Structures are given as C-alpha cells and as structure tokens.
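Peer 1: One structure, as structure tokens, below. Some questions next.
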Amino acid sequence: MERRVRTRIAPSPTGDPHVGTAYIALFNLAFAYKNGGDFILRIEDTDQNRYIEGSEQMIFDSLKWLGLDYAEGPDLGGKYGPYRQSERFDIYGEYAEKLVEKGEAYYCFCTQERLEKLRDRQKAMGKAPGYDGHCRSLTQEEIKAKLEAGEPYVIRLKMPYEGETVIKDRLRGDIVFENNKIDDQVLLKADGFPTYHLANVVDDYLMGITHVIRAEEWIASTPKHIQLYKAFGWQEPEFIHMPLLRNSDRTKISKRKNPVSLNWYREEGYLKEGIVNFLGLMGYSFGENKEIFTLDEFKENFDIDKVSLGGPVFDLVKLGWVNNQHMKMKDLKELTELALPFFVKAGLIKEEISEKEFETISRVVELLREGSQTLKELVSQSEVYFKDEYSLPVVTDETDKKEIKGIERLYSVIQDETGKRAIKLFKEKIKECNEEISVDEAKALLQSTLDEIGEGPGKVYMPLRAVLTGLPKGADLYNLVSIIGRDRVLARMERMIEQYNI
Ligand code: GLU
C-alpha cells in the first residue's frame, strides 16, 4: 500500500524566523498538497546553547502570516505529537539503546582530552579529523566495568568501514559517499541529549515523514541519516535537496549581505503575497513566463521535478517588483487596512480614525501604490496628504548643490507678480467650491487658473505647489486638491500667504 505523503519543516528556534525557513516550508507545503498529503511543523530545540526564547512563537507567527499552514505542530497538536523535540527526550535515549542492543551502535568512553589529542595528531599528519573507533572494539567486560565505575559515555553509530552510501536525490540524481570517510557519529551525548542526527531521523520515522525536502546545506548529513535508517531497519524517506538561497554575489544568503529575518520583511511592509510569490520563483519556474501568482496558483501548478538547481539569488530589486505587482492587485480596502499601522507609526494618523478619514487614506493608498514597492515606502511618500503645516525648505551648509537652485526658485516664484496673482486667483476659485472636490473639478479649476493668468504651467503651478505642499516638486496637484478638499486647501494657502507675506 502506498504510504500517505507527509512532509515537514524542522526549524530550530535560534533567532528571528529566517526567509530560508519560509522558502523550504513553501515547497514542502506545495509538494504535500499536490500529493494529497500532510505538511507538518516540528521544532528541533535540542541544542540548548543556541535556543532563543520567543523564537519558536515567531516561527508559528510568520508561517501563519504567510499562509504557509501546517496541519500538525507544537501549537496545533496532532496524532504524532509531541512536536517539540525537548518534549521527546526519553524517546531518543530509548532508540539509541536499541541500536546498541542490535550491535549497530556502541558506548564510547573517550575523554575530551583523548579526542583533542587525536585531532592534533590527525592534523599533524595531514589527515581529516575523525573518530578512530577506539571504543568500538571494547569487550562486554570492559564496558560493564566502565559503566559500573560511572564513567561518562556517548553512544556512537557504527559506520560500515567499507562500501558506499548513496543518496538517491530526486533532483540531483545519485550522490555517492565513501563510507570509510564518514565518522562514527555521536547519537546520544554524555548528558543524555540526542544529537541532531539521531533526533531528526527518529522523529522523521515516528512522524511518518515520507519525503524530506530540505536545503542543500544538509546533504553532508544525509548519508549519516541513511545509515541510521539502515541500522534501525527502517525504510528511508525520499530525500530532495533544494538549492540554497544566495546573496547577489552568489554566496549563501547571510544577514551581513541581505536581510534574512521574516520580521524585517514584515516591518518593511512587504505583503505576504509578495514574499510567497518571490520565494516561489526561487528555483522554480511556473512556465509560460508567468512570474506573478498567488499561493493557491503555485500549489496547483507545483511540480517538484521542475525545480532547477542553479542557485537562486534572493534579489531585493526583484522582490520589490513582485511586491509592487501584488500591491496593485490587492483589494484596495484590504491594502488600506494593512497600511494603517504604517501610517500610525510614521505619526501621520491616529490609531482611531473615522470612516471619512479611512476613505481619504484609501485614496492616498490607491494613488501611491502604483509607485511603491512596500507599504513603508508608500507611507514615506504620503506626508503631503496629511501634514497641513509646513514651511518652505531652507538652504543650509548641508544642502545639496543641485537642490539649492530649486529652493531659491521656490522663494522667487511666490513673490513674483505672476505667482502672487496665480495664488490669489486660485484661492478665490476654491472658495466658491464645495468641500468635496472631484479630481476632474480640481483639474478644471487649475486649468482655468492657468488660462486666465495666460502664462506657462511652470509659472502658475510652481507657486501653487509651493503654497499647497511646501515642496518644489512631487504630488500631483489635481489629486492633492481633490484628496484634501476645500477647507484644508484654503487653510494651507492662508497660512502660507501670511507666513511668506504673499
Ligand atoms: N533542525 C534543522 C534545521 O534547523 C533541520 C534540518 C532538516 O530539515 O533536516 O533546519
């Protein structure tokens, strides 16, 4: 009978949730989905030194945020639980002992000191470091005596001295390792803690994992795992090693060169749809040049055999483009809701807003999403719609040379005769309007001001922009006037007229 397909991710809670975790989760999820199976989450927290409080919760939160839903996990439970290795300690000891009984593993009493000397000797002789099998040949009596004397020990796997171990990787073909080059791995440490290899294999087996889809950095561990499956007499899962994510210089993705924390992407205001889509492009091509897709489309389309191994580059420029596409596709109300905390954080709106304010904000979002890669960037361009009090920029020692001219122009255009006339005329026109001004009405008002003054747009719109925004360029005036409405337009103009004696 075919086994039900089960895949998993097994992250360690050692810090901020990593983009690589989400990437591997996505491919495991899609594979399970395509095969009518389950995708589960296990937390590998046996390394106490690297454990970071709170990071497990962040893994749950970020997977949920991205919609990478696992069917079983520490926070959800399931019939193969517990899903946290720290809650399964007894199991590992038991299984390590089983291997000792079967003659597949052995107690090793070598002291730290001996191992260090061994390493030094190997180094001096130009040999690869590795355990020399010293305790592998202890007699039953010797072992008994040492145990009775209370000597600390670890349990090691007996690697075959000869032959080869072959990973039959679905994407890479056969990867062959010579057994005599592989160390007798420690399975259980002197303090009774399991190593990654033991805990990982025992759990994958007990949790019914049929396909291990993980990053290529684990390839070196896989022959050890295969030998463990053999030692236990268990059927090994299928191993599939995904290409590593890379920095733009093609080195393994690292936080020195690229943000790797999912929290960072969330705080920058990338959409979950953008992140998931972008991760889906890493090593996978949808076909028909389709680069923009949803999680559901990806799951439907997914075919593990189409994963390509050329190291995918985690390119922020590309991510920005993908995210912008999703910002434009997103339902406007939803996008506005997602943007609200960013506006609050930037100090542009209060936490409690009226329906009317929401409408205004959503118009700003609609306008600015076209040219923004993230919500944070969108908000950073929106100040002009929210701040009614501003002054013209001033030239200081630090002002960029190129900007000085523009700033000087601002002062001159609001003082010259055409500028003054344009400002007065536009103000009179606005006074006659309703509070609500449509974009078309705003356009007509500005156009008629231009016509009546009879000068070029630069001479008319520049002074108007100066009083309405305080800036030499930026915001489209039609939309600005329409979005802020009559009263705020007038208030802005009156304040500036007074301040600059126009
Ligand atoms: N605990 C390992 C990690 O941190 C699991 C690797 C694997 O998938 O086997 O990624």
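The values are calculated or read from the model by the stated rules, or taken from the named source; none is laboratory data. Quick caveat: nothing in here was measured; it's all calculated off a predicted structure. Cβ sites come from the backbone with ideal geometry, for glycine too, and all protein chains shown count toward neighbours.
Peer 1: What is the residue count in segment 196-233 for residues that are β-branched (Val, Ile, Thr), in contact (Cβ under 8 Å) with a residue 60 or more places away in the chain and either farther than 15 Å from Ile9 by Cα or part of a helix (DSSP H, G or I) (or both)?
Peer 2: Residues that pass the stated criteria total 2.
Peer 1: Can you find even one residue in segment 34-42 that is within 15 Å of the ligand (Cβ to nearest atom) and under 18 Å from the mean Cα position of the chain (by Cα)? Explain how you work it out, then say what you get.
Peer 2: Within segment 34-42, the first condition is being within 15 Å of the ligand (Cβ to nearest atom), and the residues that meet it are 39-42.
Next, from what is left, pick out any that are under 18 Å from the mean Cα position of the chain (by Cα): 41.
Within segment 34-42, one or more residues are within 15 Å of the ligand (Cβ to nearest atom) and under 18 Å from the mean Cα position of the chain (by Cα).
Peer 1: Another question, then. Is it the case that Asp61 is more than 14 Å from the ligand (Cβ to nearest atom) and among the charged types (D, E, K, R)?
Peer 2: Yes, satisfied.
Peer 1: I would also like to ask the following. Looking only at segment 260-274, how many residues end up being outside any loop (DSSP other than H, G, I, E, B) and either over 15 Å from Val317 (Cβ atoms) or out of contact with any helix residue (DSSP H, G or I) (no Cβ under 8 Å at 6 or more places or on another chain) (or both)?
Peer 2: 8
Peer 1: Would you call Gly485 on the phi > 0 side of the Ramachandran plot and in a helix (DSSP H, G or I)?
Peer 2: Judged against the criteria, Gly485 is a match.
Peer 1: Now for a different question. Test Ile414 against the criterion of being buried (at least 17 other Cβ atoms within 10 Å of the Cβ), closer than 30 Å to Lys350 by Cβ and in contact with a helix residue (DSSP H, G or I) (Cβ under 7 Å, 6 or more places away or on another chain), and give yes or no.
Peer 2: No.
Peer 1: Run down Val202, Val166, Val154 and say which single residue is modelled with pLDDT of 95 or more and within 16 Å of the ligand (Cβ to nearest atom). Lay out the reasoning, then the answer.
Peer 2: On the way: Val166 fails: within 16 Å of the ligand (Cβ to nearest atom); Val154 fails: within 16 Å of the ligand (Cβ to nearest atom).
Every option except Val202 fails the conditions.
Peer 1: Counting only residues that are in contact with a helix residue (DSSP H, G or I) (Cβ under 7 Å, 6 or more places away or on another chain), crowded, with 17+ Cβ neighbours inside 10 Å and in contact (Cβ under 8 Å) with a residue 60 or more places away in the chain, how many does segment 166-183 have?
Peer 2: Looking only at that region, the number is 1.
Peer 1: Out of the residues in segment 370-411 that are farther than 26 Å from Arg486 by Cβ and in contact with a Phe, Trp or Tyr (Cβ under 7 Å, 6 or more places away or on another chain), state the one that is surrounded by the most Cβ atoms within 10 Å (Cβ to Cβ).
Peer 2: Within segment 370-411, the match that is surrounded by the most Cβ atoms within 10 Å (Cβ to Cβ) is Leu375.
Peer 1: Any residue in segment 51-75 that's under 24 Å from Gly274 (Cα atoms): show its pairings with residues that are assigned to a loop (DSSP other than H, G, I, E, B) and polar (S, T, N, Q) at Cβ separation under 9 Å, as long as the two are six or more apart or on different chains.
Peer 2: Matching pairs, first to second residue: Ser55/Ser12; Ser55/Thr14.
Peer 1: Check Phe239, Phe298, Phe293 and return the single one that is touching a helix residue (DSSP H, G or I) at 6+ places or on another chain (Cβ under 8 Å) and in a strand (DSSP E or B).
Peer 2: Phe239
Peer 1: Any chance you could count how many residues in segment 341-369 are buried (at least 20 other Cβ atoms within 10 Å of the Cβ), within 23 Å of the chain's Cα centre (by Cα) and aliphatic (A, V, I, L, M)?
Peer 2: Here the count works out to 0.
Peer 1: Look through segment 1-30, keep the residues that are surrounded by fewer than 22 Cβ atoms within 10 Å (Cβ to Cβ) and more than 26 Å from Pro259 (Cβ to Cβ), and return whichever of them is farthest from the ligand (Cβ to nearest atom).
Peer 2: The selected residue is Met1.
Peer 1: Looking only at segment 108-116, decide whether some residue is among the charged types (D, E, K, R), part of a loop (DSSP other than H, G, I, E, B) and closer than 19 Å to Leu188 by Cα.
Peer 2: No, segment 108-116 contains no residue that is among the charged types (D, E, K, R), part of a loop (DSSP other than H, G, I, E, B) and closer than 19 Å to Leu188 by Cα.
Peer 1: OK, next. Among the listed residues Ile52, Ile143, which satisfies the condition of being modelled with pLDDT under 95 and among the β-branched types (Val, Ile, Thr)?
Peer 2: On the way: Ile143 fails: modelled with pLDDT under 95.
Answer to the check: Ile52.
Peer 1: Where residues in segment 126-143 are assigned to a loop (DSSP other than H, G, I, E, B) and of a type in the set (Ser, Thr, Tyr), which of them is farthest from Pro160 (Cα to Cα)?
Peer 2: Step by step, filter segment 126-143, then rank; the result is Thr139.
Peer 1: Let me ask something else about it. Of everything in segment 216-234, what is within 14 Å of the ligand (Cβ to nearest atom) and either surrounded by fewer than 18 Cβ atoms within 10 Å (Cβ to Cβ) or acidic (Asp, Glu) (or both)? Give them in sequence order.
Peer 2: Listed by number, the residues that qualify are Glu216, Glu217, Trp218, Ile219, Ala220, Ser221, Tyr229.
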